[in-house]
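No lab work stands behind these numbers, since they all come straight from the coordinates. Just so you know, these numbers come straight off a predicted model, no measurement behind them. Heads up, the Cβs are rebuilt from the backbone with ideal geometry, glycines too, and the neighbour counts pull from every protein chain shown.
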Amino acid sequence: MAWFFRPKTALSERSQVTTNMPDGLWTKCDKCAEIIYKKQLEEMLYTCPKCSNHFRISTQEYISILFDDHSFVETHQNVRSTDPLGFVDTKPYTRRLEEAYAKSPFPDALTTGYGTIEGRKISFSSMNFGFVGGSMGSVVGEKFARAANLSLQERIPFINISASGGARMQEAALSLMQMAKTSAKLAQLSEAGIPYISILTDPTTGGVSASFAMLGDVNIAEPGALIGFAGPRVIEQTIRKKLPDGFQSSEFVLEHGFLDLIVHRKEMKQTLARVLGLLCD
């Protein structure tokens with residue numbers, strides 16, 4: 001009996017290499033499937049060297065990218081969510097919070113603090129998508145308001161980074177009230193002539209996109225971020241029409257006038273410094 005062996009193709013060789021890779025050293029780009037050495041990914045600020053896809057990163061990484069070394073101070077770390085409605089869906093809200101605390105290093109879906117960017121002091125907040133999908137509840141609204149208050153008291157610019165699935169349904173109307181609360185605070189900043197810069201990352205949706213995420217004096221997005229109110233699938237099911245290619249991407253939203261800039265993560269700190277210089281000097 002004759003045996004025939006198929007020669008290895010480049011694809012099969014690559015598959016064998018990736019199969020034999022030690023865990024934790026490499027990762028794959030979700031957009032182009034490029035295999036990336038994790039050290040290289042970190043040096044590229046978690047963007048794909050081949051297609052520039054922006055990986056989702058945590059608040060801790062944004063702080064290390066944007067702020068001057070050792071300048072950031074976190075505030076309001078002890079503000080925690082409660083369950084005033086006694087909400088239960090498939091499980092009690094209190095249990096969901098316990099699970100979120102166990103999985104996430106953050107006490108809720110928003111981190112606040114202050115620090116310097118190129119020597120300029122700013123008030124800062126950033127959403128934590130890993131905590132219940134970055135959903136906006138009472139704690140998010142309260143911490144955002146406190147960060148805005150610091151900006152008002154010290155007359156320093158306020159920068160927020162959004163990454164959220166929307167309002168937190170377990171807090172019902174209380175979560176929707178945060179849309180008005182945060183918007184009112186930003187109106188106070190506007191009246192005082194204090195700049196507010198909104199940075200939108202993937203994803204920014206729901207009540208967050210319908211309130212403080214879109215109310216910046218300057219709205220900046222990372223490339224390829226999903227930005228909108230309802231998701232594309234929900235919209236297609238509602239209107240029963242096929243949506244255009246790239247619908248709700250940063251590029252689509254910029255083209256339709258809801259953004260001012262799209263900035264690569266590697267250029268974000270320098271861009272913020274220039275914008276702050278224009279708005280504050």
| field | Positive-end residue, the chain charge dipole about Cα centroid, Cβ charges, pick of 36, 113, 134 | value | 36
| query | Based on the Cβ-Cβ distance of residue 73 and residue 280, what FRET efficiency does E = 1/(1 + (r/R0)^6) give at R0 = 30 Å, to the nearest 0.05? | reply | 0.90
| Arranged by the count of other C-beta atoms within 10 angstrom, fewest first, what order do 264, 70, 54 take? | 70, 264, 54
| field | Estimated FRET transfer efficiency (residue 234, residue 30; beta-carbon r; R0 25 Å; 0.05) | value | 0.70
| Can you pull the semi-axes for the chain, root of five times each eigenvalue of the Cα gyration tensor, sorted largest first, whole Å? | 36, 24, 20
| message | Which of 235, 194 has the fewest other C-beta atoms within 10 Å, and how do the rest follow up to the most? | response | 235, 194
| the chain - charge dipole about Cα centre, Lys and Arg +1 at Cβ, Asp and Glu -1, debye rounded to 20 | 680
| said: As a footprinting exposure proxy, order 279, 25 by other Cβ within 10 Å, with the fewest listed first. | reply: 25, 279
| note | Once the in-chain neighbours fewer than 8 apart are removed, the lysines whose Cα is under 24 Å from residue 121 read 143, 185, 266, 269
| request: May I ask you to list the chymotrypsin sites (Phe, Trp or Tyr not before Pro) in the stretch 171-241 that are in a DSSP loop and have at most 16 other Cβ atoms within 10 Å of their Cβ? | output: 229
